[in-house]
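The values are calculated or read from the model by the stated rules, or taken from the named source; none is laboratory data. None of these values were measured; they are calculated from a predicted model. Note: ideal-geometry Cβ built from the backbone for every residue, glycine included; neighbour counts use all protein chains shown. SASA here: full protein model, heavy atoms, side chains in, ligands and nucleic acids out. Shrake-Rupley method; radii C 1.70, N 1.55, O 1.52, S 1.80 Å.
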Amino acid sequence: MKNYLSSKSFFIVIVLWGLVLFMLIMMLLNLNKPSLDVAPIIITSLASALVVWILLDTRYVIKNSFLFYRSGPFRGRIDINKIDKVQYFSGLYPQVTMKPALDIKGYIITYNKQDDVYVSPKKSVDFIAELLKINPKIEVI
């Protein structure tokens, strides 16, 4: 079992922690109001917890012949033998279905001929080499 953490773009990390800080400040400011409404506090707390969970738990695991990805509560599994290609991508908006990544530089993995996922492992060379060990037919672009 190989474990790879997601690389983190400084820009994305600052934006997400800024969002968490903003939500917490807004929540604290509303606690001082005389008529306390619980629903916004619960929603803000849950949204903040979700962002922190994603920031702290975005990783990829290669186990047997499967690639498991997770980013907070978002998880998935890919059969490495069904991966067709791995393509390098740099930019904010990769045209993919799933993006369990915290960096603007990463890889688009295409599998099952039409499905795709965007990942950004810290040790990308080791990550790609491990995929190729299991499935040498993967086209790396």
Worksheet item: If one takes the longest principal axis of the Cα atoms in the chain, at what angle in degrees, from 0 to 90 and to the nearest 10, does the Cα axis of helix 124-134 lie?
Response: 50
Practice prompt. Go through the stretch 40-124 and name the trypsin sites (Lys or Arg not before Pro) that are in a DSSP coil and have 12 or fewer other Cβ atoms within 10 Å of their Cβ.
Written response: Lys113
Worksheet item: How many Å² of accessible area per residue for the chain, probe 1.4 Å?
Response: 62
Worksheet item: Rounded to a whole number, what % of the accessible area of the stretch 1-95 do carbon and sulfur atoms account for, probe 1.4 Å?
Response: 67
Fill in: Given charges at beta-carbon only (K, R positive; D, E negative), |dipole| of the chain in Debye
320
Worksheet item: So what is the relative contact order for the stretch 28-141, in percent, with contacts set as C-alpha pairs under 8 Å and at least six apart?
Response: 20
